[in-house]
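S.K.: Take this structure, written in structure tokens, and hold onto it; I'll ask about it next.
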Amino acid sequence: MVFSADLINSIAVKFRDAIEEVKRLGEFWQSGTRERDRMEYFPDGCCDDATDLFAFYLLEEFGIKSEQENGVFFSDNFYEKTNHVWLSFFETDLIVDLTYDQFKEYHHDDRKIYVGSKSEFHLQADEIRKDKNCNISQNTRLLYDYRKIVDKLKSLS
């Protein structure tokens, strides 16, 4: 499928809004323990889950294939590092970063989501590797969260 950055941005904004609404309502999956679903802390520490959920949505609903990129950012102390994950698309330089706002102190940009070519922030990663997206249909927690997000997308439309 041929798609534009504007189309991907529009889809990403709606998907992010649905995630925020599911979070606000406290509807993400809860295990039988006191431990909460990582998505309850969205956008902090949720880049990999959010990327997998969005990639699955793009594939299921629009037939758009993607992969994730995992960037590693080292601080001045080599042993301190931060991983960050964003979505990229085959045969294009377009990326989507659904949790871009969790790193405002690094890029000083007020956008929640980043859609475009890799920004200066993304290019600063010391290591970037491409990985396949998680097949969330094989993960009970992510599939539950996905269904909640898609239900919210339908009600927000």
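S.K.: Counting only helical runs of four or more DSSP H residues, what would the 222 nm mean residue ellipticity of the chain come to if each run contributes -39,500 (n - 2.57) and the total is spread over all its residues?
M.R.: Using -39500 (n - 2.57) per qualifying helix, the result is -12500 deg cm²/dmol.
S.K.: Looking only at chymotrypsin sites (Phe, Trp or Tyr not before Pro) in DSSP loops with at most 11 other Cβ atoms within 10 Å, what is the longest site-free stretch of the chain? Mind dumping the intermediate values first?
M.R.: On the way: sites that count: PHE78, TYR79, PHE90.
Result for the longest clean stretch: 1-77.
S.K.: Shape of segment 1-103 from its Cα gyration tensor (a ≥ b ≥ c, root eigenvalues): rounded if a/c is under 1.5, otherwise prolate when a/b > b/c, or oblate?
M.R.: Working: a/c = 2.10, a/b = 1.13, b/c = 1.85.
Verdict is oblate for segment 1-103.
S.K.: While we're looking at this one, here's another question. For segment 77-136, just say rounded, prolate or oblate: build the C-alpha gyration tensor, square-root its eigenvalues into a ≥ b ≥ c, call rounded for a/c under 1.5, and beyond that prolate if a/b exceeds b/c, oblate if not.
M.R.: Working: a/c = 1.61, a/b = 1.18, b/c = 1.36.
It comes out oblate by the Cα gyration axes.
S.K.: Lysine pairs in segment 1-126 with alpha-carbon atoms under 23 Å apart, 8 or more places apart or on different chains: how many are there?
M.R.: Step by step, the pairs that qualify in segment 1-126 add up to 14.
S.K.: Still on this structure, I have one more. Tell me the GluC sites (Glu not before Pro) within segment 24-76 that lie in a loop according to DSSP and have at most 11 other beta-carbon atoms within 10 Å. Intermediate values should be presented prior to the final figure.
M.R.: Numbers: sites: GLU27, GLU35, GLU40, GLU60, GLU61, GLU67, GLU69; in loops: GLU27, GLU35.
Within segment 24-76, the qualifying GluC sites (Glu not before Pro) (loop, at most 11 other Cβ atoms within 10 Å) are GLU35.
S.K.: A further question on this structure: Efficiency by 1/(1 + (r/R0)^6): what FRET value for SER75 and LYS132, r their Cβ-Cβ distance, R0 = 41 Å, to the nearest 0.05?
M.R.: 0.90
S.K.: Let me ask you something else. Taking the dipole about the Cα centre of the chain, with the C-beta of Lys and Arg at +1 and of Asp and Glu at -1, give me whichever of LEU94, PHE62, THR51 is farthest to the positive side.
M.R.: PHE62
S.K.: What is the spread of the Cα atoms of segment 47-157 along each of their three principal axes, largest first, in whole Å?
M.R.: 44, 29, 29
S.K.: Out of the trypsin sites (Lys or Arg not before Pro) in segment 23-132, which ones are loop residues according to DSSP with at most 16 other C-beta atoms within 10 Å?
M.R.: Passing both the DSSP loop test and the Cβ count: ARG34, LYS65, ARG111, LYS132.
All of the numbers you see were taken from the coordinates with simple rules; none came from a lab. All of these numbers come straight from a predicted model, not from anything done at the bench. Neighbour counts run over all protein chains shown; Cβ positions are idealised from the backbone, glycine included.
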